[in-house]
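Just so you know, all these numbers are worked out from the coordinates, no wet-lab data involved. Quantities reported herein were computed from a predicted structural model and do not represent experimental measurements. So basically every Cβ, Gly included, is an ideal-geometry build from the backbone, and we count neighbours across all protein chains shown.
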Amino acid sequence: MKKLLAAVLSLVMLLSLSPVCAQEDVPTVDELLAFCDEILSDALKQSPVSPEPAEDGGYVFTYEDYAVYSPDAALTEESRITGVDLFNPDALTEDLRGMAPGYPLSSLLSAYPLDNENLRGTYGEAVLYIRGLLPGTVNVGRTVRNGSHMLIVEHTIYNADGENVEKCCVLYTLENNFIIASQVMLSVQQMTLDEAHAEIENLSLLQEKDEYRVYTAENPEAFTREDLSFSGLDFLTVTPQSALDTLGGALSDTWAQDGSGYIRSMQWNDVQLVFSYDAQKSTSSLELLQVYGDGVEGPRNLHIGDSALSVMNRFERTNLEGAVLYGDGENAPYGKFHVREDGSLYLLYAAQVEDETVLLALTFVDDQLVDMTCTCL
């Protein structure tokens with residue numbers, strides 16, 4: 001137990017959020033070709049492997065740390081490489097920008113241009129940058145995401161040749177905001193100049209959207225009233241009807257008598273709301289909001305599955321020793337943590353909102369957030 005507590009404290013002391021300083025150079029076709037040539041040279045030093053048919057034609061040669069794509073049925077020094085996959089997190093084989101499976105999102109964002117530090121866009125995607133103009137070369141960085149959880153980060157090159165445009169790209173697959181695989185693809189798609197113009201125009205429109213942004217702060221503040229939104233549900237003002245309007249029909253909606261009043265528990269796939277009612281069932285107040293699925297996002301982009309360190313980095317941390325992160329641990333505002341006997345981690349943040357003390361309790365198992373519960377004292 002002491003070793004686990006010491007490990008948690010060490011992480012808290014040594015690591016924190018910092019602004020991303022992105023590299024300004026866009027990827028080039030020559031850069032992608034050079035990387036593929038390096039991988040080919042390395043592959044030729046390995047024991048030969050039998051090729052398998054690739055889904056889009058040609059062949060794939062799978063080695064321990066990577067896979068190589070080619071139209072040729074055998075790899076030689078003269079072979080044309082159309083793509084490379086890196087997939088082994090233990091090997092840490094780096095790609096053209098020094099990225100590898102196992103690296104965090106922050107490192108990935110710093111390896112390429114970034115004109116959108118807060119990752120503004122929609123809940124499902126955002127544009128990182130657009131550089132260049134057709135009929136020349138255009139570079140686009142974009143991400144497909146589930147709120148603050150990035151699923152794919154893609155850097156695409158649109159290379160025009162007359163009325164035709166060829167796309168190539170570097171694509172990263174992420175899980176819990178860590179790279180789990182990366183691909184370099186030299187010929188993703190061929191399109192007309194008009195089709196490319198239309199595609200880039202749609203990306204430009206996405207670049208202007210500000211429906212959703214990822215929380216970032218160099219010096220995060222304490223848990224406050226502004227942090228009580230859960231996917232559009234405000235903890236202090238939500239009603240049963242507004243919850244139904246936002247989340248849709250509940251999977252279960254049960255009532256139970258509680259003294260002279262009633263308790264109403266409403267459950268969805270990812271969240272539970274518990275309301276108290278008076279004896280006439282005419283006045284309600286929210287007693288508990290519990291999130292246990294990834295479909296509902298909590299304060300500061302919290303998601304089920306987040307690591308403890310990533311969560312701590314989003315809130316104030318002024319005390320670097322002991323389990324109290326800020327405040328005195330007794331009177332709001334404060335933040336503190338506790339390591340339970342079963343090894344799970346319990347984080348608790350408290351905020352004073354007018355006459356109410358609001359608590360946000362976060363439970364982690366195997367360093368993954370499994371439950372976030374908001375209540376009032």
Enter the angle in degrees (range 0 to 90, nearest 10) between the Cα long axis of helix 2-14 and the first principal axis of the Cα atoms of the chain, meaning the one along which they spread out most.
-> 70 degrees
Pop a pseudo-label 7 angstrom from the Cα along the beta-carbon direction at both GLU55 and GLU354 and give the gap in nm to one decimal.
-> 5.3 nm
Would you mind checking which residues have amide H under 5 Å from SER344's amide H? H placed 1.01 Å from N; only 5 or more apart, or other chain.
-> none
Roughly what angle does helix 193-207 make with the longest principal axis of the chain, taking Cα atoms, 0 to 90 degrees, to the nearest 10?
-> 20 degrees
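At a 10 angstrom cut-off on C-beta neighbours, averaged per residue, how do the peptides 232-238, 213-219, 154-160 rank from highest to lowest? Don't jump to the answer; show the numbers that get you there.
Numbers: 232-238: 16.3, 213-219: 14.3, 154-160: 21.0.
Ranked from most to least packed, the peptides come out as 154-160, 232-238, 213-219.
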Gaussian network model of the chain, Cα within-10 Å springs - most flexible of GLN352, GLN257, GLN290 | GLN257
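Subtracting the Cα-Cα distance from 0.36 nm times the residue separation, let me have the gained length for TRP255 to ASP210 in nm, one decimal. Write down the numbers at each step before the final one.
Values: separation 45, 0.36 × 45 = 16.20 nm, distance 3.96 nm.
Length gained between TRP255 and ASP210: 12.2 nm.
Determine, from the Cβ-Cβ distance of GLN46 and PHE178 and an R0 of 30 Å, the FRET efficiency 1/(1 + (r/R0)^6), rounded to the nearest 0.05. Don't skip to the answer; put the middle values down first.
Working: r = 27 Å, r/R0 = 0.89.
About 0.65, to the nearest 0.05.
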Vicinal HN-Hα couplings computed from phi for region 30-47 (Karplus, 6.51 cos²θ - 1.76 cosθ + 1.60; Hz; Gly/Pro x) | 4, 5, 5, 4, 4, 5, 4, 5, 4, 5, 4, 4, 5, 5, 5, 7, 7, 5
Could you list the residues of region 335-377 with an amide nitrogen less than 19 Å from a label point located 7 Å from the Cα of SER106 in the Cα-to-C-beta direction?
-> 367-369
With label points set 7 Å from each Cα along the Cα-to-Cβ direction at SER276 and ALA217, the distance between them in nm comes to 3.0 nm
Which shape class applies to region 225-376: rounded if a/c is under 1.5, otherwise prolate when a/b exceeds b/c and oblate if not, where a ≥ b ≥ c are the square roots of the Cα gyration tensor eigenvalues?
-> prolate
Could you check the simple spin-label distance between ASN164 and ASP328, using points 7 Å along Cα→Cβ, in nm with one decimal?
-> 7.5 nm
Sum of -39500 (n - 2.57) over DSSP H runs of 4+, divided by residues of the chain (222 nm, nearest 500) | -5000 deg cm²/dmol
